[in-house]
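This report concerns only the one structure given below.
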């Protein structure tokens, strides 16, 4: 049939027909590739979590804060509360109270994270010129006391004693060694207060990939090995937007190529920022991320921000698209990470996230089946 169809074409028309055919088949191939990235049916293998940052900080109107909390609770089963810490700031115990209480009241899993580095991960958080060090006995005592008190009060599922600590190892190796020695002390203290709490830190995946060079696995990195057996889980922050322009450039073995399948791993922070007209790119990243998470033993997976922050000017990398969107200073793109806008309006990615969230995690599905079986068993009992 095709032969008879082509017989009626001139050579020019034949070339045009072939070009159209290639275009159509190419479009189908692209469409098929997107299908492969879409969410499979059935339960997922990980909990989905969110971090709520009030869009306007302490100036956030109460109604908007309530909306943000509602969106966070409705679209997750795991809450991460990240607290900025230094020995010169107010108590971390007080800072985590609001969201930690809300998470537990609504039966969400809870992670609490201590973030003691500055925003751009150059050094320790310096508050109004007050420098400090993990080598200082008073700092060590203060950190140990606060982490232990939080563990005792909230019994969190995870307690992260540092965020993206590989930057400290790279920028200040001596300070990193001081922190590791303190970590060992605090780990044991936390376990005395809450034995079920899993204790760890996070490593920045893209930065670590650059540093491991020829090694095949993150767990072989000296920075990870420094913690010995006291990492209850391999904690990661994941921002491919630092190195690629678009999620379509990300391979399906992005995690599996550097993380052994049997290694327990948690993505405690991930995101992709949006500009004025590129919400579909963030949605594509969410679809890719949730599709590939099951290629390794990820649980939980936590998105960096429920809502956008208050921003007026886009960073050049987001506005022009000439550089990876997470290039430059963190303040230029971190307020663009929300799945919902600062006013509570959903972005395109929110619908992708919600579609996945509707699927029960496998372990909860198994728990549900077990409960149903127990109900059936109990229904047959007579007293």
Filtering segment 246-255 down to residues that are in contact (Cβ under 8 Å) with a residue 12 or more places away in the chain, surrounded by fewer than 15 Cβ atoms within 10 Å (Cβ to Cβ) and closer than 21 Å to residue 303 by Cβ yields 248, 252
Whether any residue in segment 223-239 is surrounded by 16 or more Cβ atoms within 10 Å (Cβ to Cβ) and free of Cβ contacts under 8 Å to residues at least 24 places away in the same chain is what I want to check.
yes
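Residues checked against (1) assigned to a loop (DSSP other than H, G, I, E, B); (2) touching a strand residue (DSSP E or B) at 6+ places or on another chain (Cβ under 7 Å); (3) closer than 14 Å to residue 161 by Cα; (4) in contact (Cβ under 8 Å) with a residue 60 or more places away in the chain:
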| residue | (1), (2), (3), (4) |
| --- | --- |
| 79 | no, yes, no, no |
| 88 | yes, yes, no, no |
| 104 | no, yes, no, no |
| 107 | yes, no, no, no |
| 110 | no, yes, no, no |
| 119 | yes, no, no, yes |
message = Taking the conditions exactly as written (under 21 Å from residue 338 (Cβ atoms), in contact with a strand residue (DSSP E or B) (Cβ under 9 Å, 6 or more places away or on another chain), modelled with pLDDT of 95 or more and not in a strand (DSSP E or B)), does residue 236 satisfy them or not?
response = no
- Would you check if residue 267 is over 23 Å from residue 46 (Cβ atoms), touching a strand residue (DSSP E or B) at 6+ places or on another chain (Cβ under 9 Å), in contact (Cβ under 8 Å) with a residue 24 or more places away in the chain and not in a loop (DSSP other than H, G, I, E, B)? no
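Looking at residue 51, is it within 20 Å of the chain's Cα centre (by Cα), free of Cβ contacts under 8 Å to residues at least 40 places away in the same chain and crowded, with 19+ Cβ neighbours inside 10 Å? I'd like the intermediate steps shown before the answer.
On the way: within 20 Å of the chain's Cα centre (by Cα): yes; free of Cβ contacts under 8 Å to residues at least 40 places away in the same chain: no; crowded, with 19+ Cβ neighbours inside 10 Å: yes.
So residue 51 does not fit the description; no.
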- Looking at segment 199-216, is at least one residue over 30 Å from residue 147 (Cα atoms), in contact (Cβ under 8 Å) with a residue 24 or more places away in the chain and more than 14 Å from the chain's Cα centre (by Cα)? yes
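The values are calculated or read from the model by the stated rules, or taken from the named source; none is laboratory data. In this text the structure is predicted, and so the values were computed from the model without any measurement. In this analysis, Cβ positions are derived from the backbone assuming ideal geometry, glycine residues included, and neighbour counts consider all displayed protein chains.
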